[in-house]
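Colleague: One structure coming up, written as structure tokens, with questions to follow.
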Amino acid sequence: MANTSGALLSEQYDVPEEERVQIGRKRETYDALVQRLSHQSVVKHFDAYADVPWDDPDYRIDPDDPRWELGPDDSLGGTAWYRAQPAGVRSRIGLHMYATFMKIGVEFESVLKRGLLEFAAKLPNGSPEFRYAYHEVIEEAQHSLMFQEFVNRTGLDIKGLAWWQRIGARQVIRFARTFPELFFVFVLGGEDPIDHVQRTLLRSGRPVQPVLKRIMQIHVTEEARHLCFARHYLKRNAPKMGGVRRFLMSRRAPFILAIMAQLMMRPSGQIIRTYGIPDEVIREAYTNNPEHRRKTLEALHKVRELLVEIGVVTPSSQRLWRWLGIWKSEPAVA
Ligand SMILES: [Fe+2]
Ligand SMILES: [Fe+2]
């Protein structure tokens with residue numbers, strides 16, 4: 001008889017003691033963790049239209065709303081050039097930046113969803129990762145609906161990825177099938193920095209426009225599960241990689257993270273052109289700004305530490321991280 005009983009299937013995927021992962025203070029098997037995350041997706045999930053009151057007058061997107069303005073602690077918001085702009089330009093630049101990050105979110109999540117479907121397609125029957133991956137696909141689809149609705153309601157025609165970035169995106173989708181460890185580094189590279197930025201803004205106490213606040217609250221709640229899964233997938237599987245994969249991962253991961261951080265934390269070319277932001281202001285705010293570098297390093301902190309922990313950062317690949325400007329000098333690599 002075919003092996004279709006739930007009990008037999010779960011036994012089939014039981015994890016030996018040495019593969020158990022430490023989660024918080026209690027020990028839990030990898031499969032139990034994945035099942036718990038899937039259960040959380042059932043008891044705590046959001047719908048892009050039922051859970052965001054788009055038509056509430058308080059949620060209306062007004063480009064002149066001063067709450068879109070970048071604060072003095074923002075890399076661009078802190079420049080004398082930005083502060084000298086009329087109020088309507090300051091709020092529009094802020095809104096344009098939020099809308100661009102949402103559009104990048106739609107593009108990133110599209111790659112993520114297609115990659116997760118490729119990843120799930122290779123899983124055997126009974127794998128708890130299959131159910132988890134589908135929950136994540138569904139949640140990312142709700143996020144993308146939310147992000148695109150925000151973009152549409154700004155009235156701004158935000159451009160998506162450039163052609164060379166689309167070619168890179170197709171590669172990443174392929175990795176989900178052929179090199180899932182690298183795919184999940186890409187996942188963390190996209191999710192961790194934006195999660196950090198959203199949590200920082202929610203905690204800052206600054207007045208945040210209600211629709212933006214609601215979107216960020218929903219997003220950080222569900223992303224916590226996605227980050228947890230990606231981290232534990234890597235903790236479990238990266239140490240089993242062979243020498244060639246480990247080498248490829250150590251060389252590709254810093255490039256992926258540097259590109260993702262740049263996309264998520266700097267204004268697009270469209271914004272620079274639309275508002276005529278001078279080159280020297282971009283250099284002052286981003287390229288030559290130690291405070292911006294500190295923020296970028298902080299946003300990448302968790303994923304960088306994870307890659308050190310799982311042995312993907314080697315003394316020789318550390319040079320690449322430094323060259324790309326995403327290495328913090330303190331933590332030493334054995
Ligand atoms: Fe998301
Ligand atoms: Fe996510």
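Colleague: One residue is enough: does the stretch 41-58 have a residue meeting the conditions assigned to a loop (DSSP other than H, G, I, E, B), surrounded by 14 or more Cβ atoms within 10 Å (Cβ to Cβ) and more than 15 Å from ligand 1 (Cβ to nearest atom)?
Modeller: So far as the stretch 41-58 goes, yes, one or more of its residues are assigned to a loop (DSSP other than H, G, I, E, B), surrounded by 14 or more Cβ atoms within 10 Å (Cβ to Cβ) and more than 15 Å from ligand 1 (Cβ to nearest atom).
Colleague: Sticking with this structure for a sec: Could you list, in sequence order, the residues of the stretch 197-229 that are aliphatic (A, V, I, L, M) and either in contact with an Asp or Glu (Cβ under 7 Å, 6 or more places away or on another chain) or not in a helix (DSSP H, G or I) (or both)?
Modeller: Here is the first cut: in the stretch 197-229, the ones aliphatic (A, V, I, L, M) are 197, 201-202, 208, 211-212, 215-216, 218, 220, 224, 227.
Answer for the stretch 197-229, where residues must be aliphatic (A, V, I, L, M) and either in contact with an Asp or Glu (Cβ under 7 Å, 6 or more places away or on another chain) or not in a helix (DSSP H, G or I) (or both): V208, I218, V220, L227.
Colleague: List the number of the failed condition for I326; all other conditions in (1) part of a helix (DSSP H, G or I); (2) within 17 Å of the chain's Cα centre (by Cα); (3) touching a residue at least 40 places away in the same chain (Cβ under 8 Å) hold.
Modeller: Failing condition for I326: (1).
Colleague: Sticking with this structure for a sec: Out of H196, H226, which single residue is within 11 Å of the chain's Cα centre (by Cα) and open to solvent by 20 Å² or more (accessible area, probe 1.4 Å)? If you could, list the steps in order and put the result at the bottom.
Modeller: On the way: H226 fails: open to solvent by 20 Å² or more (accessible area, probe 1.4 Å).
The conditions single out H196.
Colleague: Which condition from (1) at positive phi; (2) surrounded by 15 or more Cβ atoms within 10 Å (Cβ to Cβ) is the one that K328 breaks?
Modeller: K328 satisfies all of (1) at positive phi; (2) surrounded by 15 or more Cβ atoms within 10 Å (Cβ to Cβ) except (1).
For (1) of a type in the set (A, V, I, L, M, F, W, C); (2) open to solvent by 30 Å² or more (accessible area, probe 1.4 Å); (3) more than 30 Å from V43 (Cβ to Cβ), each residue gets a yes or a no:
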residue: K213; (1), (2), (3): no, yes, no
residue: A253; (1), (2), (3): yes, no, yes
residue: E280; (1), (2), (3): no, yes, yes
residue: P290; (1), (2), (3): no, yes, yes
residue: R293; (1), (2), (3): no, yes, yes
residue: I310; (1), (2), (3): yes, no, yes
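Colleague: Turning to a different aspect of this structure: Could you identify the single residue in A99, A121, A141, A87 that is of a type in the set (A, V, I, L, M, F, W, C) and either within 14 Å of ligand 1 (Cβ to nearest atom) or without any contact (Cβ under 8 Å) to a residue 12 or more places away in the chain (or both)?
Modeller: Details: A99 fails: either within 14 Å of ligand 1 (Cβ to nearest atom) or without any contact (Cβ under 8 Å) to a residue 12 or more places away in the chain (or both); A121 fails: either within 14 Å of ligand 1 (Cβ to nearest atom) or without any contact (Cβ under 8 Å) to a residue 12 or more places away in the chain (or both); A87 fails: either within 14 Å of ligand 1 (Cβ to nearest atom) or without any contact (Cβ under 8 Å) to a residue 12 or more places away in the chain (or both).
Selected residue: A141, the only one of A99, A121, A141, A87 that is of a type in the set (A, V, I, L, M, F, W, C) and either within 14 Å of ligand 1 (Cβ to nearest atom) or without any contact (Cβ under 8 Å) to a residue 12 or more places away in the chain (or both).
Colleague: Applying the selection to the stretch 198-246, what residues are within 16 Å of ligand 2 (Cβ to nearest atom), within 17 Å of G94 (Cα to Cα) and basic (K, R)? Outline the logic, then answer.
Modeller: The first filter runs over the stretch 198-246 and keeps only residues within 16 Å of ligand 2 (Cβ to nearest atom), leaving 198-199, 215-234.
Next cut, within 17 Å of G94 (Cα to Cα) only: 198, 215-216.
Passing the criteria: none in range.
Colleague: Let me ask another. In the stretch 199-211, how many are surrounded by fewer than 20 Cβ atoms within 10 Å (Cβ to Cβ) and either under 20 Å from I256 (Cβ atoms) or of a type outside the set (A, V, I, L, M, F, W, C) (or both)? Give the derivation first.
Modeller: Let us first name the residues in the stretch 199-211 that are surrounded by fewer than 20 Cβ atoms within 10 Å (Cβ to Cβ), namely 199-208, 210.
Those left that are additionally either under 20 Å from I256 (Cβ atoms) or of a type outside the set (A, V, I, L, M, F, W, C) (or both): 199-200, 203-207, 210.
Residues in the stretch 199-211 being surrounded by fewer than 20 Cβ atoms within 10 Å (Cβ to Cβ) and either under 20 Å from I256 (Cβ atoms) or of a type outside the set (A, V, I, L, M, F, W, C) (or both): 8 in total.
Colleague: Continuing with the same structure: Could you list, ordered by first residue, the pairs with Cβ atoms under 9 Å in which the first is in the stretch 219-238 and within 24 Å of D51 (Cα to Cα) and the second is away from ligand 1 (no atom under 16 Å from the Cβ) and open to solvent by 30 Å² or more (accessible area, probe 1.4 Å), at least 6 apart or interchain?
Modeller: L227/K302
Colleague: Scan the stretch 186-203 and give yes if some residue there is over 30 Å from D65 (Cβ atoms), more than 13 Å from ligand 1 (Cβ to nearest atom) and among the β-branched types (V, I, T), otherwise no. Let's see the steps before the verdict.
Modeller: Start the filter on the stretch 186-203 by keeping residues that are over 30 Å from D65 (Cβ atoms), which leaves 186-189.
Remaining after also requiring more than 13 Å from ligand 1 (Cβ to nearest atom): 186, 189.
Keeping just the survivors that are among the β-branched types (V, I, T) gives none.
No - not one qualifying residue is present in the stretch 186-203.
Colleague: State all residues of the stretch 271-289 that are of a type outside the set (S, T, N, Q) and either within 17 Å of H96 (Cα to Cα) or touching a residue at least 60 places away in the same chain (Cβ under 8 Å) (or both); if no residue qualifies, say none.
Modeller: I271, I272, R273, Y275, G276, I277, P278, V281, I282, E284, A285, Y286
Colleague: With the requirement that a residue be among the aliphatic types (A, V, I, L, M), open to solvent by 40 Å² or more (accessible area, probe 1.4 Å) and over 18 Å from I272 (Cα atoms), what does the stretch 85-119 give you?
Modeller: So in the stretch 85-119, the residues among the aliphatic types (A, V, I, L, M) come out as 87, 89, 93, 95, 97, 99, 102, 104, 106, 111-112, 116-117.
Restricting the remaining residues to those that are open to solvent by 40 Å² or more (accessible area, probe 1.4 Å) gives 87, 89, 117.
Listed by number, the list holds a single entry, L117.
Colleague: Which one is nearest to A253 (Cα to Cα), of the residues in the stretch 127-182 that are of a type in the set (V, I, T) and outside any loop (DSSP other than H, G, I, E, B)?
Modeller: If we filter the stretch 127-182 for residues that are of a type in the set (V, I, T), which is where we start, we get 137-138, 151, 154, 158, 167, 172-173, 178.
Checking the rest, the ones that are also outside any loop (DSSP other than H, G, I, E, B) come to 137-138, 151, 154, 167, 172-173, 178.
Working: V137: 23, I138: 27, V151: 30, T154: 34, I167: 17, V172: 12, I173: 15, T178: 16 Å.
Filtering the stretch 127-182 for residues that are of a type in the set (V, I, T) and outside any loop (DSSP other than H, G, I, E, B), the one nearest to A253 (Cα to Cα) comes out as V172.
Colleague: Looking at (1) more than 16 Å from ligand 1 (Cβ to nearest atom); (2) within 30 Å of S91 (Cβ to Cβ), which is the only condition M249 fails?
Modeller: It fails just one condition, (2).
Condition check ((1) within 14 Å of ligand 2 (Cβ to nearest atom); (2) at pLDDT 95 or above; (3) among the basic types (K, R)) across all residues:
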{"position": "G94", "(1), (2), (3)": "no, yes, no"}
{"position": "I104", "(1), (2), (3)": "yes, no, no"}
{"position": "F108", "(1), (2), (3)": "yes, no, no"}
{"position": "R131", "(1), (2), (3)": "no, yes, yes"}
{"position": "N152", "(1), (2), (3)": "no, yes, no"}
{"position": "K159", "(1), (2), (3)": "no, no, yes"}
{"position": "Q171", "(1), (2), (3)": "no, no, no"}
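The values are calculated or read from the model by the stated rules, or taken from the named source; none is laboratory data. Only a predicted model underlies this, so the values are computations on that prediction, with no experimental measurement involved. Don't worry about glycine lacking a Cβ; one is built from the backbone with ideal geometry, like all the others, and counts go over all protein chains shown. In case anyone asks, the SASA skips ligands and DNA or RNA and just uses the protein heavy atoms, side chains included. Shrake-Rupley method; radii C 1.70, N 1.55, O 1.52, S 1.80 Å.
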